[in-house]
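Accompanying notes for the structure given below.
The values are calculated or read from the model by the stated rules, or taken from the named source; none is laboratory data. From a predicted model like this one, the values you see are computed outputs, not experimental measurements. Here the Cβ is made from the backbone with ideal geometry for all residues, glycine too, and neighbour counts use every protein chain on show. To get the accessible areas, we keep the full protein, side chains included, count just its heavy atoms, and leave off ligands, DNA and RNA. Shrake-Rupley method; radii C 1.70, N 1.55, O 1.52, S 1.80 Å.
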Amino acid sequence: MDKIAIVIGATGLVGRALVNQLANADHIGKVITLTRRSAQ
């Protein structure tokens, strides 16, 4: 069963790196981000 990851603050340096790692992880099916600015 794939998991869903929620990242708060995904536009910062650490958040962006975390989102990239989660997006490439086999066991994560979906990444949801909560940000103040639009993510690039």
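Just the number, please: carbon plus sulfur as a percent of the accessible area of the chain, 1.4 Å probe, no ligands or DNA/RNA counted. Intermediate values should be presented prior to the final figure.
On the way: 1900 of 3510 Å².
Its accessible area is 54 percent carbon and sulfur atoms.
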- Highest first, please rank the peptides 6-19, 25-38 by the mean number of other Cβ atoms sitting within 10 Å of their residues. 6-19, 25-38
- Taking H as built 1.01 Å from N, whose amide H comes closer than 5 Å to the amide H of residue 28, not counting residues under 5 places away? 3
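Which net charge results for the neighbourhood of residue 31, defined as the other residues with beta-carbon distances under 12 angstrom from its beta-carbon, given Lys and Arg at +1 and Asp and Glu at -1?
On the way: positive: 3, 16, 30; negative: 2.
Result for the neighbourhood of residue 31: +2.
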- Message: Rg and Dmax in Å for the chain, alpha carbons only: what are they?
- Response: 9.9, 31
- Message: Under 5 Å between amide hydrogens, which residues at least 5 positions from residue 7 or on another chain qualify, with H placed 1.01 Å from N in the peptide plane?
- Response: 32, 33, 34
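For residue 16 and residue 30, calculate 0.36 nm times their separation in residues minus their Cα-Cα distance, and state this gained length in nm to one decimal. Before the final figure, lay out each step's value.
Details: separation 14, 0.36 × 14 = 5.04 nm, distance 1.51 nm.
Answer, rounded to one decimal: 3.5 nm.
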